[in-house]
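The values are calculated or read from the model by the stated rules, or taken from the named source; none is laboratory data. Everything numeric here is computed off the predicted structure, so don't read it as measured data. Heads up, the Cβs are rebuilt from the backbone with ideal geometry, glycines too, and the neighbour counts pull from every protein chain shown.
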Amino acid sequence: MTIDELRAGLDEQTVGEQLAAWIAELYPICRSITGDGVRETLRRLQRLAPMTLHEVPSGTDVFDWTVPREWNIRDAYIKNARGERVVDFQRSSLHVVSYSVPVRARMSLETLRPHLFTLPDQPDWIPYRTSYYAETWGFCLSQRQLEALEPGEYDVCIDSSLEPGSLTYGEVCLTGESTDEVLISSHVCHPSLANDNLSGVVIGAYLARYLERVSRRYSYRFLFVPGTIGAITWLARNEPVVGGIRHGLVLAGLGDAGRLTYKKSRRGDAAIDRVAAHVLRQLGDHEILEFSPFGYDERQFCSPGFNLPVGRLSRTPYDRYPEYHTSADNLQFVDPAQLAASLTACLGIVQVLEHDRSYINQNPKCEPQLGKRGLYHTVGGSAHSPESEMAVRWALNFSDGQHSALDIAERSGLSFEAIDRALRMLRDHGLLKELP
Amino acid sequence: MTIDELRAGLDEQTVGEQLAAWIAELYPICRSITGDGVRETLRRLQRLAPMTLHEVPSGTDVFDWTVPREWNIRDAYIKNARGERVVDFQRSSLHVVSYSVPVRARMSLETLRPHLFTLPDQPDWIPYRTSYYAETWGFCLSQRQLEALEPGEYDVCIDSSLEPGSLTYGEVCLTGESTDEVLISSHVCHPSLANDNLSGVVIGAYLARYLERVSRRYSYRFLFVPGTIGAITWLARNEPVVGGIRHGLVLAGLGDAGRLTYKKSRRGDAAIDRVAAHVLRQLGDHEILEFSPFGYDERQFCSPGFNLPVGRLSRTPYDRYPEYHTSADNLQFVDPAQLAASLTACLGIVQVLEHDRSYINQNPKCEPQLGKRGLYHTVGGSAHSPESEMAVRWALNFSDGQHSALDIAERSGLSFEAIDRALRMLRDHGLLKELP
Amino acid sequence: MTIDELRAGLDEQTVGEQLAAWIAELYPICRSITGDGVRETLRRLQRLAPMTLHEVPSGTDVFDWTVPREWNIRDAYIKNARGERVVDFQRSSLHVVSYSVPVRARMSLETLRPHLFTLPDQPDWIPYRTSYYAETWGFCLSQRQLEALEPGEYDVCIDSSLEPGSLTYGEVCLTGESTDEVLISSHVCHPSLANDNLSGVVIGAYLARYLERVSRRYSYRFLFVPGTIGAITWLARNEPVVGGIRHGLVLAGLGDAGRLTYKKSRRGDAAIDRVAAHVLRQLGDHEILEFSPFGYDERQFCSPGFNLPVGRLSRTPYDRYPEYHTSADNLQFVDPAQLAASLTACLGIVQVLEHDRSYINQNPKCEPQLGKRGLYHTVGGSAHSPESEMAVRWALNFSDGQHSALDIAERSGLSFEAIDRALRMLRDHGLLKELP
C-alpha cells in the first residue's frame, strides 16, 4: 500500500474517536520521567506499533546529565484532624509534586504551607509541578482546597520511592528504501494531562502504526521519551545514528481547539520547515513560529552541537493557553476531530517528504507538444486552463534540475499534490526523468 | 539622431492615431498560424520597417513540433432552409474555428450542434476558437444567433484548404554598435482581434521603424511570428543567435484601457526586469507580475532550455478581461492614447537599455570640489538641493564600478534620466570614467 | 571604572544641564570653516577632554581640494543715512554671509539689495548663508528688517580678513586594549546655531570626557572639524589611520524635540548600523534612515574610496525642520533632556560595541544541566520563564561561534544587556568560552 492510498482510505471521524479512546485509557496513569507509569504506558502502546522498550540504569552519564534514580509512587494524601483525605493522590495524579521524596509526618498547616502549590488565578484548577533535580516534596491542589484548610494539625503522607532503577523509553524503527531517517518524537513523562502530551503520544503511535503498513522511501524512527532527560539520554546513546536524520518532528499538544502551529527548526530553512509550512497552508488556518530555545525536546535536537532539522507540530503553543500544566488539561480539553486533523497533517507532511523529488525536462527547449500526446484539450482559445493543465506547465517549465516538486508547488501557488501528480504523469510519458 | 532626440520629438496624439489607423487596416484580415492572412499582414507591415519574410515548409521538424500544413480559407457559412446565411464568415473572420478542415454538407441542427461554439454568459459576442492540431471543423457564433436557429436542415460550408505549404514569419534586424541583441516579439496569428494582438504587432512595427532611424548601442531583432509554433520555429532555426540575446520583450495586448503590466522573465532578476519596473514606475500606475508558464511566447523564450531574459509588456492581462478572444476585442476596444502610451513605455525601456552603463569615480576619496568646476551653487546653507545636484551626488558616490546608472537610479529614488544626465555631465568634466 | 558602571552612575538631569550650559557658552562665538572662532571654541573644549589642536596651512592640497585662506571677522554692519546700524553683526554672527570678503562702501539700497539674504516665509528669522569658495560678500537679515529699509544711501562695512593662515581642527585620541578604532566626528564650523551643531560638538566632547575615565576595549578618536573641508583635510592627512577604523558615528543635531534618528553607513550592514538600530529600538521611538550622499561629514567618510562603517546620529533630520540654518536654531531650540538622552544613546552604542563578543558553548550537545549549577529554578512546570532564564537559554543555544551577543539579542528580541549578562554569567560558570 502507498501512503497516498492509506491517506485516501482514512475516515477522520473514526480515527478521531480511536485517538480519543487511547487518550482516555492512558490518562489516569501517573507518569513521570522514570518509573512504572511510563513503563506501563509504553507497554500498552506496543499494541499499536512494534515498539522496543529501552531501560537505561540510574547513574548513567548522558552528556552533562546523569540518569536520575527511579521514582515510583503508590499513594499520597493530606488528612485533616478528622482523618479525612483533604488532598488525595487517588483522585488526581497531579496532587503530588512529581519526584517528591517519601514523607510521613504530622505537621501544622503553617509548616505544611510552603509545600503546597496552587493557582490563585484559577481557583478550581490543580497545577502540575515537578522537582526532578532538587530533593523535596510537595502537593498541588486547587486554590479553593487550600482556602478550605483549617488551621491545625495534618497527617501528610507521600508513599513514594526514589531508588536506583532505570529510565524507560520506547522506540519504533521502520526501515525504508533509504537509510536516511525521519525522526518523530513525543514526550511521554507527563501524568494526567491530556493535551500535553497524550495527544502527541497517541498521534505518534498511530503514525507509526500507519507507516508500518505502507511502502517507505525513508526510514522512520519514533521516540516516546521522558521530556528533556529522555531526549538527552537517547541522543547520548545514539550519536552515530544522528547523522542519518534528514527530517524530524516533535509532536506535542495536538488535541486542543486551536489552529495548527509549526515551530521551525533552529536552521529555519530546513526541508521540514518548508514542507510543514506548505502542508499547513494547504490545510487552512495555521501559524508558523520561528525557532526559540524553549518548549519541548526540539531544545535538545536543535542544541548547537546537533542542530538537527527537527521542527515541532502543535496546536495552541504551550505558553498561550491557561489550561497548560493544570488539571484543566483533561479529557474534555481534547477534541477527537482536532486530534484526527493533526494526524492528517502529520500524514500530509510525510507524504510530501516521501514524494518530494526533482525531475529533469527531456525537451527543455520550448514547450513539448502536449496535444499529440493527448495531454492537452483539443479546442483552444479560452482564457482559463484547468488546474491540472496549469500544473503540467509549471512542472515542465521548472523541471530544470534546480527545482523539486515542493519548490514548484511553492512557486506556482498550486498544491504539492497537483504538482506531484503532473510530474509523475509527465515522467510516465517520457517528458521528464526522475533525478536520483 | 539619438533615441533621446527621437523620443523628445514624438507627438503622442499623432502617433496614437497612426497606430489605430494601422490596426483598422489590418483588422479585417483573417489570420491564422499559417496561410495568406499572416503573409498579407506582414507584407503590409513592410511599409513600416525593413522586414524579411521567412517561409518554413510544412513538415519541418522544430524541436518537439512539426510545422503544420498551411491553412487558407475563402468562404464559410451556415445557410438555413430558406437559403439565408445565418452564420457568415464574410461578416467576421471569427465565425470559423481556426484550422477547420473543409466541409460542405447538409445536416440537421442536432448534428451541427456539437460544431457550434458560443459564450452563454456574453450572448452578443462571438468567441474565438482554434483547433490547430486536431482535424475538425466548427463555427463560432453569438449565443443569440444560436438561440435563433430553428430546428431543421442546414447547409454547412467551409471553403478552406489544409495543404502542404509553409509557415510565414517576419523579422526585422537592426544592427548596432554591439552584436548583443534586444529581442522584441509579437504574435501575429490572431484574426479579427484588435487588442490581441494587432496592438502588439503595430507597436512592434513602429518601434522597429523608430529604432531604424537612431544610432544604436545594441542590435535589435523584431519578430512577428505565429503564436507558439512560430516562436518555436524561430528558436529552432536560430539557436546560434540565441546566445547573443541580452534582453527581450514580448508585446501583447497594449491598447485596452488598463494600466501597463510587466510580466517578469523566468529569471526574475534579469536586467530587463529591473529596467521595465523602473520605467513603468516612472510612468505611473502599473503592475509587475511574476513569471508564470502561461501567456504568450514568453513561454517558449523562457522555457528551461533557453531561459532567456525576456519579459512581457501588456496592459490588462489576458485572463482578466472578458473581451479576450471574443468579437468584443474590436476596434472600439483599443484606444489611440493607450496605444501611444504603450509605445512610449517601449521607447523608455529601450532608452534605459541603451544608456545603462557603469562609471568609475576618478576622485573616489572624499567628494570632489564641484564649486571650482561650476557644478555647484555659489551661496550655501539652504536645506534642499535641486534634483540635478542630488543626482550629481548620487552619481559620484555610487560610481564605484559596482553600480550602473539604473542601480543608482533605483537606490536614489530618482529617475534614470536624472541620474544618466548627471553621469554623462560628470564624465564630460573628467570626474567619472565610463566603464567598457 | 567600566562603562557599565559609568552609565549606571550618570544622572541625566545634571548631565542635560551641563550640556546646555556648554552650548550657551559657545553660542555667541562666530565660527566658520577657518579662523579664530573655531580655534577659541576648541580651546574651551580642552577643559572637557585632552584635545590636540591641529593647524593646517592655507594652500595645502587635500585630495581634490585646497585648504582655503583663513577668514576672520571683527565687525560688520549696515548703517542708514541717520548712522543707525540697521544690520549689526554684534547682535548676531549670522548677519554676515560666512567668508564674506572685506567691504567698506556707501551704496544705494538698490546696489546693496543683491547682497541681502532673507527668508520671506519666516519673516522674523535670519538665515545662515555661506560663500566659502566664491569671493563675494553679503548680509543675512530678517524679512522684516529688509522691508523696513528705506530707499537711500547706506554705509556698508564688513571688517573681515581673508588671508593665508590655517585651518584648525581638534582631535582626542583615547587608546584602548586594541588598536582598532571607533571614530566619533562632529562639525564645528557653524556660527551661532545651537542644534546644528553645538549639540553634536558638546555631546562629542562629553563622550570623550566619559570614555577617558573607563577601561576601553577599542581605541577612540574624536574629531571636531570644520564641515566638509575639515573632514577632507583630516582624511587626507590620516590615510594610514583609516584602515583601523572599525566603527564610526557622525554626531549632528542632537538637541531638538524630535526622536532619535540613525542614518546608516553607505555599507548599510556594518556592525555600527546594527548596533545603533538595536540601541535605538531599546530606547523607544526612533527612525532608521538609509544612507544617502547628503547631510554632514558621513559624505566624506562614506565616499566610495573610503566607504567607512560610519553612520550618523541625529534627532530631526536637517531637511525636516524649518529652524535649520536660521536664527531660530537658538538656545531655546535645544532641550537639556533631549541632549542628555542623546548622550545616553551614544553611551549605549559604545557599550554594545565594547561588549559585543562571540562565545562558544562548551557543552554544545543538548542543554547543560543548569539546575545542578544553581542556574535554574527548583520547582518546574509553569509556562513562563523570567527574562533572565530566557536569556540564558538563548545565550547557550546560539553560542556556536557564528552568533555574537548582538546577533543573539536581535534573534531573541531580548535586550543586548540581558543577553550580555547571561553570556558573561555562563562564561563565569565555565559553560561558555569567550572567542578571541
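Before moving on, here are some points about what is shown:
- With respect to the stated conditions, A:W22 fails to be buried (at least 20 other Cβ atoms within 10 Å of the Cβ), out of contact with any strand residue (DSSP E or B) (no Cβ under 8 Å at 6 or more places or on another chain) and more than 24 Å from A:V202 (Cβ to Cβ).
- Listed by first and then second residue, the pairs linking a residue in the range A:113-135 that is more than 7 Å from chain C (Cβ to nearest Cβ) to a residue that is assigned to a helix (DSSP H, G or I) and among the polar types (S, T, N, Q), with Cβ atoms under 6 Å apart and 6 or more places separating them unless they lie on different chains, are A:T118/A:Q143; A:P120/A:Q143; A:P123/A:Q143.
- Some residue of the range A:344-351 being crowded, with 17+ Cβ neighbours inside 10 Å and either among the aromatic types (F, W, Y) or within 12 Å of chain B (Cβ to nearest Cβ) (or both): no
- Qualifying residue in the range A:42-59 (condition: surrounded by 21 or more Cβ atoms within 10 Å (Cβ to Cβ), assigned to a helix (DSSP H, G or I) and either hydrophobic (A, V, I, L, M, F, W, C) or in contact with a helix residue (DSSP H, G or I) (Cβ under 7 Å, 6 or more places away or on another chain) (or both)): yes
- Breaking point among (1) in contact with a strand residue (DSSP E or B) (Cβ under 9 Å, 6 or more places away or on another chain); (2) in a loop (DSSP other than H, G, I, E, B), for B:V350: (2)
- Odd one out for C:L94, checked against (1) within 11 Å of chain B (Cβ to nearest Cβ); (2) part of a strand (DSSP E or B): (2)
- Residue list for the range A:274-309, filter: of a type in the set (D, E) and either out of contact with any Ser or Thr (no Cβ under 6 Å at 6 or more places or on another chain) or within 28 Å of C:Q362 (Cα to Cα) (or both): A:D285, A:E290, A:D297, A:E298
- In the range A:364-391, residue farthest from B:S100 (Cα to Cα) [restricted to those that are outside any loop (DSSP other than H, G, I, E, B) and within 9 Å of chain B (Cβ to nearest Cβ)]: A:M390
- Number of the condition not met by A:G204 [criteria: (1) in contact with a helix residue (DSSP H, G or I) (Cβ under 7 Å, 6 or more places away or on another chain); (2) under 24 Å from A:A21 (Cβ atoms); (3) not in a strand (DSSP E or B)]: (1)
- Being more than 14 Å from chain A (Cβ to nearest Cβ) and closer than 25 Å to B:A194 by Cα is not true of B:P151.
- Per the listing A:G244, A:G311, A:G284, A:G248, the residue uniquely farther than 29 Å from C:P386 by Cβ, in contact with a Leu (Cβ under 7 Å, 6 or more places away or on another chain) and modelled with pLDDT of 95 or more is A:G248.
- Total residues in the range A:392-436, condition in contact (Cβ under 8 Å) with a residue 40 or more places away in the chain, at the interface with chain B (Cβ under 10 Å from one of its Cβ atoms) and crowded, with 17+ Cβ neighbours inside 10 Å: 4
- When we screen A:L331, A:L249 for residues that are under 29 Å from A:P123 (Cα atoms), out of contact with any Pro (no Cβ under 9 Å at 6 or more places or on another chain) and of a type outside the set (D, E, K, R), the only hit is A:L331.
- Residue within the range B:39-47 that is hydroxyl-bearing (S, T, Y) and within 21 Å of B:V334 (Cβ to Cβ) present: yes
- Subset of the range A:142-174 [surrounded by fewer than 17 Cβ atoms within 10 Å (Cβ to Cβ) and within 20 Å of the chain's Cα centre (by Cα)]: A:C173
- Test result for C:G170, more than 14 Å from chain B (Cβ to nearest Cβ), closer than 16 Å to C:R31 by Cα and out of contact with any Leu (no Cβ under 6 Å at 6 or more places or on another chain): no
- Tally, over the range C:60-70, of residues that are crowded, with 17+ Cβ neighbours inside 10 Å and either within 14 Å of another protein chain (Cβ to nearest Cβ) or more than 18 Å from C:Y132 (Cα to Cα) (or both): 6
- All positions within the range B:415-431 that are outside any helix (DSSP H, G or I) and within 20 Å of B:L370 (Cα to Cα): B:H429, B:G430, B:L431
- For the range B:296-325, the candidate set comprises residues that are crowded, with 24+ Cβ neighbours inside 10 Å and of a type in the set (S, T, N, Q); within that set, the residue that is farthest from B:N195 (Cα to Cα) is B:S303.
- Every residue from the range A:296-318 that is in contact with a strand residue (DSSP E or B) (Cβ under 7 Å, 6 or more places away or on another chain) and at the interface with another protein chain (Cβ under 10 Å from one of its Cβ atoms): A:D297, A:F301, A:C302, A:P304, A:P317
- Candidates C:A341, C:A345, C:A257, filtered to the one that is in contact (Cβ under 8 Å) with a residue 12 or more places away in the chain, more than 27 Å from B:R393 (Cβ to Cβ) and either aromatic (F, W, Y) or in a loop (DSSP other than H, G, I, E, B) (or both): C:A257
- Top-ranked residue in the range C:266-283 [being free of Cβ contacts under 8 Å to residues at least 24 places away in the same chain and assigned to a loop (DSSP other than H, G, I, E, B); ranked as farthest from the chain's Cα centre (by Cα)]: C:D269
- Test for C:L249: is it under 30 Å from C:L119 (Cα atoms) and touching a residue at least 24 places away in the same chain (Cβ under 8 Å): no
- Here the range B:227-245 is the region considered, the condition is being in contact with an Asp or Glu (Cβ under 7 Å, 6 or more places away or on another chain) and more than 18 Å from B:T60 (Cβ to Cβ), and the residue that is farthest from the other protein chains (Cβ to nearest Cβ) is B:G244.
- Only one entry of B:T34, B:T52 meets the criterion of being of a type outside the set (K, R) and more than 19 Å from the chain's Cα centre (by Cα), and that entry is B:T34.
- Condition check for B:G170: part of a strand (DSSP E or B) and within 30 Å of B:E212 (Cβ to Cβ): yes
- Options C:A76, C:A8: the member that is small (G, A, S) and either more than 21 Å from C:T118 (Cβ to Cβ) or free of Cβ contacts under 8 Å to residues at least 12 places away in the same chain (or both): C:A8
- Looking only at residues of the range B:97-115 that are part of a strand (DSSP E or B) and in contact with a Phe, Trp or Tyr (Cβ under 8 Å, 6 or more places away or on another chain), we find that the one that is farthest from B:V56 (Cα to Cα) is B:S108.
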